[in-house]
Amino acid sequence: MEKSLAQKVNSPVGENKLRIDAYEKVIGTAQYADDIQFGNKLLHARIKRSPYPHAKIKKIDVSKARILPGVKAVVCGEDFPGFIGLYLKDRQIFCRDRVRYVGDPIAGVAAISEEIAEKAIDLIEVEYEILEPVLDPEFGASSRAPLIHPDLGKYVVASFIFPQAGSNISNHFKIRKGNIESTWQKCKTIIERKYHIPHIQHVPLEPHVAIARVDKSGEVTLWDSSQSPFAQRDLIAEALGITQSKMRVIAPLVGGGFGSKAGVSMESLAVAIASKVKGYPVKLRLTREEEFYTAFVRQGLVAYFKMGCDENGKILAMENTFYWDGGAYTEYGVNITRAAGYSSTGPYEVPNVKADSYCVYTNHPVGGPMRGFGMPEMHAGLEQCIDELALEMGMDPVEFRQLNCLKEGSILPTGGKMHPTGLSQCLEKTAEAIDWGKKALPSAPNKRRGKGIALMWKAPAMPGNAGSSAFIELAEDGMLTLGVGCQEIGQGAFTVVAQMVAATFGVPYESVRLATPVDTRYSPYEWQTVASRITWSTGNAIIKAAQDARKQVINLIAEAWNENPDDLDIVNGNVISYKSEREIKVKDFAVKGLPKPDGRGWMGGPVIGRGSFMPTDVTGLDAETGQGEHAVVHFTTGAQAVDLEVDLDTGRVEILKAVAAFDVGKAINPDLVKAQIEGGMVQGISSALFESLMLKDGYVQNPSFVDYRIATSMDIPNSMQAIIVEVPQDDGPWGARGIGEHSMVPAIPAIANAIYDAIGIRFEGPPFTAEKIYLAMMEAGIIK
Amino acid sequence: MVKNTHPTLPEFDYVKPVTLFETSQFLFTHSNDSSPFLGGTDLFIRMRDGVIKPHYLVDIKHLAGMDKLDFDPQKGLTIGAAVNMNRVINSPDVQEHYPLLADACKSVASYQLRNRATIIGNICNASPAGDTIGACIALDGVLHIHGIAGSRFESLSDFFLGPGKTNLKPGDIVTAISFPLPPQGHASTYVKLGRNKLSDLSIVGVTVLGNIDTKKQSGFRFRVILASVAPVPLIVTQAETYLSSHEVNQETIHQAACIASEASHPINDVRGSARYRREMVRNLTENALIKVWKKLNQ
Amino acid sequence: MTFHEIIVTINQNQEKITVPSNMTLMRMLREVLALTGTKNGCSAGECGACTVLMNGEPVNSCMVLAVECDGAEIITVEGLASDKQLDPVQDSIIQTGGVQCGFCTPGILISSRALLNRNPDPSDAEIKEALVGNLCRCTGYTRIIDAIKEAAMRQKAKE
């Protein structure tokens, strides 16, 4: 594995540079997909959606819709025969023979206005034969359940995903390590629990929007709010039978993603509709209501945990079974199942492991990637079991975790070894910041107070060959243009990539400009902006590109000055010689070269740097045992603790203080890292206290802000603290690894453990609403 | 079972009549397909959700008297229908003489929405969750109504017929609400439980007003009105009577709260269960009564 | 459906526009005037991304009809800065790191400007209350609150 190519001059890496995109965002010129102006040719699309969770389509009659004045195109499933999907091609663009969730797209209309498109949708007549829906993943996994995808065995699938044909199980990930059966009797304490984590939704402030135009030549242009322009190019092109280079994706700033805008969800619909009105751009927007259940949601989980430790508190065995409520299509969700599988022990050293992680089809909304990619759902129950083990053993939960948590060299559940990690440090600092061990007094007689802590770990869950690339160009005015394929979704990617290129090449941060919006026609390839991988992966590509450009510059000047390249450096946009003390501005030759010293001709030329990075040593995992030498590129680890109060009159939880520490290897921009920690903590707290998609018979009962509540400014903790730990990642830029997702992961169990500390009650799952807590306190006799 | 919300407001004609007479005539003639509106905060939502589909939206904000917020030290307070909730909250007269109105308004939605939302709109929308209705009832608010037969007054006691249903007849518009001078030295509070700390619809809302009343056996008079626990805003007369006929102390306050809980008949819905709501009626009513009681004893 | 000609002042510029009855102020700004700084997050008055000043007061523009704006003065995020400098709330939110994806930012800035206009020295609690109608999913609000406090100090310093 290549080592990081960190530079001796660090600045501005490690500095709290102001965001490169902040100015345009505060003056209102920042452009998001719905802001792009398309002129009078713009058509508007609406989608006809299934009103049933599971049904056969007997007949579709679009004739009345077609003739409505203002309607330009009506399409349905039979117009598009392909399949689409990231890891498993189980999805049709428009449903052809059957609908599998409420909201499943059956037909699409393009019209001169959104209103006319809507009227046309109402004129489309569909005849259904209702089928029995599968509404629970355990039932769905059983042989009694009706098959949602009878053709599962025929679907194209990635080599590391294992669907079971003839069932609703689209992936089964296994770990078989050590000897679990004989270990239980060696355990002093065993905890066995079941947890149910409900579906939630990402709730990006900007709903999904896509505008597609198919030209008469067959070239497709797609403008959309997207974390994954290149993946969309690939997947949509393949599904529609176009070649990738004829499919162009232009992705402006994203108003929040959290995973909802990764892969492909509604964007293929816009392209499909546009293919029938060649030359016209067709815009499809999701209403907020549609956003709640027709794009991606975070799948629900039924999790069984069994874990045991010896008389010293050392964990000996874990047997965990996960039934993921993957929804109608699990083309993305199958990998969540896998990631949870190989992470299923949590960040602990466990010698004997049995894990079964099942991705199960249900007739529920489509589960997709959401911040944490299975980790929040899994840690929710796991970290509570850890607490219970500790307390049963009479050990302090922090002490128990220090004893068992991963350290450098620990054996992973997949058999490899843990790289250097600051997990213990994170735990120690978090415990200290929350004043662990000191019982705090409730603020009033009708309150109960408690503290809770939880650890987490997560690796970027991506194929072993997910690549990044970057290019660098220099302009006559000294500005450095950085080309990237990663996306700014709020996490600060554009800022840190600018910092990294500035540091590596040798110009001030303020001299960097990004070649954005990302446009797959011009931008360098990036797998997807997901998995908290950009700082690490794109960073490595940028370093190479900057070094490539640096080398061209330094070698040229070395030759021009007849000096040793090792004596030269680029600082603040100037090439300087440490030996002769000569100086020359890069901008003076980076485009137009230099005259030869002897005056006869020219040397140099336009400087252009390129860099490409792809992990090379992620090994596969054995299909039966889940063992492999190098399962993932690395893990980011961390801890969160909360100090909270429960109100005895209402059951309501108030978070007094929330603290978290994460080992990010190296904070390229410490303030941005802290901002991610704060934002993730609040999103996690919101998911713990308020959020669930209330599903009944396959219908989401609360698809709007009125009844799907998220944290407002009034609901944040009284005080928050974000702590950065830096134990370098040997192959990360300056030692960095990702942070974007991790801060959301430990919130649910930290809060659950604190509630237990306050009132002695645990719950089957979040959200820990005031009602749930109050009624439980009544049941437990804590209140009358 | 599926909510097919429109992306945007459906088509309608906006009408802005000049006089009250014209307005009532128009609404009467088009009683099946027109709707008056003030801030639109409830109406627009229902139109977007496809619940109602009026052909005409009649803007009544600018009609005579709709904008006034007048306090007369002899007669009391009049709030025109178009006065938004922020204006009510910020009015020094309201703050001094009718703080309950300000408290109730403050609990509604957000600052932005309160620049559009009105008390009259809250009343006419007749949601059992309406936050300002309890305050208006407790303060003996009287509605000024203009209809095709001319103007009239109506008390709030028989105004609400069911969720979203009022006593208003075709052609009626409410132009103002007026309140008599409140009882001397009264104390009041509005306690609202939502899922979030602020800005939510109420799971349960409790309005309590209390004042010294030598005509009552206990020497005190209380008003207790509940939101979100019945098809209409619920005046808990049994609790009010109980507190006027029994010595007011910690124990009888608790009893009154239990009576309120028993009188409520909430439903299970997406915001909360009936069981939880009944418990909260008791706890919140008790807290509200204690709060008011303490203020009265100062 | 009927159409109405209105005269409305937007960011100090007077405009004469013909709008259909059912067009909201938000749609008029975004679709007729191409002032896309004001964002559409829900069209239901819940998220605050569409907040603008109408006659000096913040409203959810998705819940106001364009026709109701006849004679009104509207300020959008594009009108907060002067030619020469940013509004203190814009400056501060950059400094404190209260911008991430930026989608809630225009609405937040408008609500913040309105708050400081009516209450130049707000407490933390007052700031949180004033912002309850502006949802943010990225920042956790804390740096936004810091920004308003800082902007209040900046403003005071100028006087």
- What do you reckon, is A:Glu319 farther than 24 Å from A:Gly684 by Cα, touching a Lys or Arg at 6+ places or on another chain (Cβ under 7 Å) and acidic (Asp, Glu)? yes
Condition set of a type in the set (A, V, I, L, M) and free of Cβ contacts under 8 Å to residues at least 24 places away in the same chain, scope segment A:574-591, selection nearest to A:Leu474 (Cα to Cα): answer is A:Val575
Taking segment C:96-110 and keeping residues within 7 Å of another protein chain (Cβ to nearest Cβ) and in contact (Cβ under 8 Å) with a residue 12 or more places away in the chain leaves C:Gly97, C:Val99, C:Gln100, C:Cys101, C:Phe103, C:Cys104, C:Thr105, C:Pro106, C:Leu109
Answer yes or no: is there a residue in segment A:760-775 that is of a type in the set (Phe, Trp, Tyr), outside any loop (DSSP other than H, G, I, E, B) and crowded, with 19+ Cβ neighbours inside 10 Å. yes
Looking only at segment A:642-651, decide whether some residue is hydrophobic (A, V, I, L, M, F, W, C) and not in a strand (DSSP E or B). yes
Q. Based on what the data block shows, is A:Ile242 touching a Gly at 6+ places or on another chain (Cβ under 8 Å) and either surrounded by 20 or more Cβ atoms within 10 Å (Cβ to Cβ) or not assigned by TED's automatic domain parsing to the domain that holds A:Tyr525 (or both)?
A. yes
Out of all the residues in segment A:608-624, is one or more outside the structural domain of A:Pro442 (by TED's automatic domain parsing), without any contact (Cβ under 8 Å) to a residue 24 or more places away in the chain, of a type outside the set (Ser, Thr, Tyr) and under 30 Å from A:Ala503 (Cβ atoms)?
no
Free of Cβ contacts under 8 Å to residues at least 60 places away in the same chain, within 14 Å of chain A (Cβ to nearest Cβ), closer than 28 Å to A:Gly39 by Cβ and in contact with a Gly (Cβ under 7 Å, 6 or more places away or on another chain): does that describe C:Val77?
yes
Could you go through segment C:13-23 and let me know if any residue there is within 14 Å of chain A (Cβ to nearest Cβ), modelled with pLDDT under 95 and not in a helix (DSSP H, G or I). no
Within segment C:113-135, of all residues that are within 11 Å of chain B (Cβ to nearest Cβ) and of a type in the set (Gly, Ala, Ser), the one farthest from the chain's Cα centre (by Cα) is C:Ala125
Determine if segment A:709-727 includes at least one residue that is modelled with pLDDT of 95 or more, more than 30 Å from A:Thr616 (Cβ to Cβ) and more than 11 Å from every other protein chain (Cβ to nearest Cβ).
-> yes
Filtering segment A:762-776 down to residues that are facing another protein chain (nearest Cβ under 7 Å) and of a type in the set (Asp, Glu) yields A:Glu771
Heads up, the helices (runs of 4 or more DSSP H) in segment B:219-298 (entirely inside) with at least 2 residues that are away from chain A (no Cβ under 12 Å) and in contact with a Lys or Arg (Cβ under 8 Å, 6 or more places away or on another chain) are B:237-245, B:250-263
Matching residues in segment A:468-491 (buried (at least 18 other Cβ atoms within 10 Å of the Cβ), away from every other protein chain (no Cβ under 14 Å) and not acidic (Asp, Glu)) number 12
Practice task
Examine segment A:558-570 for a residue that is within 30 Å of A:Trp734 (Cα to Cα) and touching a residue at least 60 places away in the same chain (Cβ under 8 Å), and state whether such a residue exists.
Solution key: yes
*asked:* When you check A:Tyr756 against the structure, is it aromatic (Phe, Trp, Tyr) and away from chain B (no Cβ under 14 Å), yes or no?
replied: yes
A:Gly738: passes all of (1) within 24 Å of B:Lys192 (Cα to Cα); (2) in contact (Cβ under 8 Å) with a residue 40 or more places away in the chain; (3) in a loop (DSSP other than H, G, I, E, B) but (1)
* Would you say B:Asp93 is part of a strand (DSSP E or B), surrounded by fewer than 18 Cβ atoms within 10 Å (Cβ to Cβ) and touching a strand residue (DSSP E or B) at 6+ places or on another chain (Cβ under 6 Å)? -> no
Among residues of segment A:168-189 being among the hydrophobic types (A, V, I, L, M, F, W, C), buried (at least 17 other Cβ atoms within 10 Å of the Cβ) and more than 30 Å from the chain's Cα centre (by Cα), the residue nearest to A:Pro413 (Cα to Cα) is A:Ile180
- Message: Here is a check on your reading of the model: is A:Gln499 more than 22 Å from the chain's Cα centre (by Cα) and either away from chain C (no Cβ under 14 Å) or over 26 Å from A:Ser245 (Cβ atoms) (or both)?
- Response: yes
Just to be sure before I move on: is A:Phe162 outside the structural domain of A:Lys48 (by TED's automatic domain parsing), modelled with pLDDT of 95 or more, buried (at least 22 other Cβ atoms within 10 Å of the Cβ) and not charged (D, E, K, R) in the structure I sent? no
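The values are calculated or read from the model by the stated rules, or taken from the named source; none is laboratory data. The shown structure was predicted, so the numbers you read here are calculated from the model rather than taken from an experiment. All Cβ positions, glycine included, derive from the backbone under ideal geometry; neighbour counts span all protein chains shown.
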